[in-house]
1. With +1 on the Cβ of every Lys and Arg and -1 on the Cβ of every Asp and Glu, and nothing else charged, how large is the dipole of segment 1-139 about its Cα centre, in debye rounded to the nearest 20?
2. Give the relative contact order (percent, whole number) for segment 1-106; include only Cα pairs under 8 Å separated by 6+ residues.
3. Sort all Cα-Cα distances of segment 1-41 into consecutive 10 angstrom bins from zero, then give the percent of pairs in each bin up to the one containing the longest distance.
4. Compute and list, largest first, the equivalent-ellipsoid semi-axes of the chain from the alpha carbon gyration tensor, each √(5λ) rounded to a whole angstrom.
5. On average, how much accessible surface per residue is there in the chain, in Å², for a 1.4 Å probe, leaving out ligands, DNA and RNA?
6. Which of K50, K119, K93 moves the most in a Gaussian network model of the chain with Cα springs under 10 Å?
7. Compare the peptides 103-109, 30-36, 52-58 by average per-residue count of other Cβ atoms within 10 angstrom and give them in order, highest first.
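The values are calculated or read from the model by the stated rules, or taken from the named source; none is laboratory data. All values reported here derive from a predicted model rather than from experimental measurement. Using ideal geometry, Cβ is built from the backbone for each residue, glycine included, and neighbour counts are taken over all protein chains shown. Heads up: the accessible areas ignore ligands, DNA and RNA and are worked out on the full protein's heavy atoms, side chains in. Shrake-Rupley method; radii C 1.70, N 1.55, O 1.52, S 1.80 Å.
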Amino acid sequence: MKVLTICQPWAHLIIHGYTVHMTARFTQKDVENRTWPSGYRGRLLIHAGKSQKYMNDAVFDFPELDLSSLRWGAIIGSVDMYDCVPVDSPIVKGNEWASGPWCHLYRNPIAWANPLPCKGSLGFWQAPEGWEQWNVTRVTA
């Protein structure tokens, strides 16, 4: 199974989404921006990286996000990666999450009730041995 490490809070927003309380609008991050295209399609595990370099921005951009709910250095769930398009594609035009240059498109997130602690890596990487048995309890995002 392929895994992709994504910095927080983006990994959390892909798996759990975010409700803007003042408007009660729920938004799910369905685009992951990368510098590289991918031909991969299928289920993908999402690993929340350990880096906290974006957390100052997160406090400003998502003031109502409960930062204590973020997990670090663990596989937190999975998504279906169903396409990869350049940022100028009509498919992502107007999508608030699309900034490219390549947009990996996700749907059907599943949050893991018990994230699997492990070290991340760059690009796609292989899930640790035994990952399937780690988390039999999953909750829908």
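1. 240 debye
2. Working: 196 pairs, mean separation 38.7, N = 106.
Computed over segment 1-106, the figure is 36 percent.
3. 23, 47, 23, 8
4. Values: eigenvalues 94, 78, 40 Å².
For the chain, the semi-axes come out at 22, 20, 14 Å.
5. Numbers: 7620 Å² over 141 residues.
Value returned for the chain: 54 Å² of accessible area per residue.
6. For the chain, modelled as a Gaussian network with Cα springs under 10 Å, the answer is K93.
7. Going from most to least packed, we get 103-109, 30-36, 52-58.
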